[in-house]
Amino acid sequence: MRNVVIIGSGCAGNTAAVYAARANLKPLVVSGHEAGGQLSLTTLVENFPGFPEGINGPDLVENIKKQAESFGAEYVHGAVLDAELSARPFRLKIEGEWTETRTVIVASGASARWLGLPSEQRLIGHGVSSCATCDGFFYRGKRIMVIGGGDSAMEEANFLTRFGQEVLLIHRRDEFRASKIMLDRARGNSKIQFLPSTVVEELHDVSKNLVTGARLRNLKTGRVWDEPVDGFFVAIGHIPNTAVFKGQIQTDADGYIISQGGARTNIPGVFHAGDVQDRVYRQAITAAGAGCMAAIEAERYLEAEGH
Ligand SMILES: Cc1cc2nc3c(=O)[nH]c(=O)nc-3n(C[C@H](O)[C@H](O)[C@H](O)COP(=O)(O)OP(=O)(O)OC[C@H]3O[C@@H](n4cnc5c(N)ncnc54)[C@H](O)[C@@H]3O)c2cc1C
């Protein structure tokens, strides 16, 4: 029987592990199929406090993991494939095996939706990003492309005009899902150029390990051309990794966990941490802070239960 099982090894899960391990709870961390979480996809992180020169994303999460391990946290590979949270102890199926636990911290993140082009996947962290707050600063004076037609695409495009010389907004349809206010704001921004009914066919240049441009196709005219850009931001939404808890942990319509205050979910003893609940801030530091909160709540819950 475990005291705490932490699902996910990103900033939130690893930070929860540091706190839970230092509270002598010997947490088990299930790494998931993306060990290290989203930061393992990126290169330089310049906005995590404490690193004046910045730090590589994979190094940052690996350091937090080492810190947790030094206090006794245990990591297992694989993912939670099934969960039974309606009775105590909770039961989690980690790959093929069921594990029992008194508390659970869900830190399974929200994966960015990508276009799915092989060239895009190869260039993530090398000009391709899904986070303007994180990476906009690297594109001062540059030409930037944003993909999407919803509120987050408008927000990212507007934000990126603080840095970029020009922002091209690519959307496959003529109509936009974005709210009128967000759309009007983007339309009123002279640095944003709208390219509707347009899709991205390919990103250049994988051989240089750097974004230098994108091949576009206009769906109405059939015109195909290469557009030079330095940064490529995909803003077509995120998928919270909560499918495995469906019908048990309360989520909103998009699958984000609904918080009951602090780090609490609708199930006493099951806590949330990081992007799996946060559709607003989605930063490494907020995820780490949420991991801390979840571990403290788990510790207090266990104490109140007499463990
Ligand atoms: C390209 C890119 C660049 C970024 N740059 C920055 C930056 O510069 N600064 C910044 O502050 N933020 C940045 N971010 C955002 C930051 O990475 C996220 O906010 C942060 O990683 C969220 O942490 P998390 O632990 O909540 O989730 P994640 O990092 O998404 O981790 C989720 C973890 O859960 C695991 N998991 C999922 N499902 C299961 C399951 N069923 N069983 C077990 N495990 C599971 C995954 O394998 C993963 O380990 C960037 C994001 C991206 C994509």
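Below, the figures for the structure above:
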read-out	value
Residue check for Gly149: in contact with a His (Cβ under 9 Å, 6 or more places away or on another chain) and at pLDDT 95 or above	yes
Selection from segment 103-126 of residues that are under 17 Å from the mean Cα position of the chain (by Cα) and of a type in the set (Gly, Ala, Ser)	Ala107, Ser108, Gly109, Ala110, Ser111, Ala112, Gly116, Gly125
Selected residue (criterion: surrounded by the most Cβ atoms within 10 Å (Cβ to Cβ)) from residues of segment 85-119 that are within 14 Å of the ligand (Cβ to nearest atom) and small (Gly, Ala, Ser)	Ala107
Number of positions in segment 228-278 that are over 24 Å from Ala16 (Cα atoms) and surrounded by fewer than 21 Cβ atoms within 10 Å (Cβ to Cβ)	7
Subset of segment 135-159 (residues that are touching a helix residue (DSSP H, G or I) at 6+ places or on another chain (Cβ under 9 Å), of a type in the set (D, E, K, R) and under 13 Å from Ile192 (Cβ atoms))	Glu155, Glu156
Check on Val146, within 15 Å of the ligand (Cβ to nearest atom), outside any helix (DSSP H, G or I) and buried (at least 21 other Cβ atoms within 10 Å of the Cβ)	yes
Test: Val280 is without any contact (Cβ under 8 Å) to a residue 24 or more places away in the chain, outside any strand (DSSP E or B) and within 16 Å of the ligand (Cβ to nearest atom)	yes
Contacts under 7 angstrom Cβ, first residue in segment 89-111 being outside any strand (DSSP E or B), partner surrounded by fewer than 19 Cβ atoms within 10 Å (Cβ to Cβ) and not small (Gly, Ala, Ser), 6 or more apart	Pro89/Met1; Pro89/Glu100; Glu95/Leu81
Of residues in segment 16-39 being assigned to a helix (DSSP H, G or I) and near the ligand (Cβ under 8 Å from one of its atoms), the one surrounded by the most Cβ atoms within 10 Å (Cβ to Cβ)	Gly37
Residue list for segment 149-198, filter: part of a strand (DSSP E or B) and under 24 Å from the mean Cα position of the chain (by Cα)	Val167, Leu168, Leu169, Ile170
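The values are calculated or read from the model by the stated rules, or taken from the named source; none is laboratory data. These numbers were taken from a predicted model, which means no experiment stands behind them. Don't worry about glycine lacking a Cβ; one is built from the backbone with ideal geometry, like all the others, and counts go over all protein chains shown.
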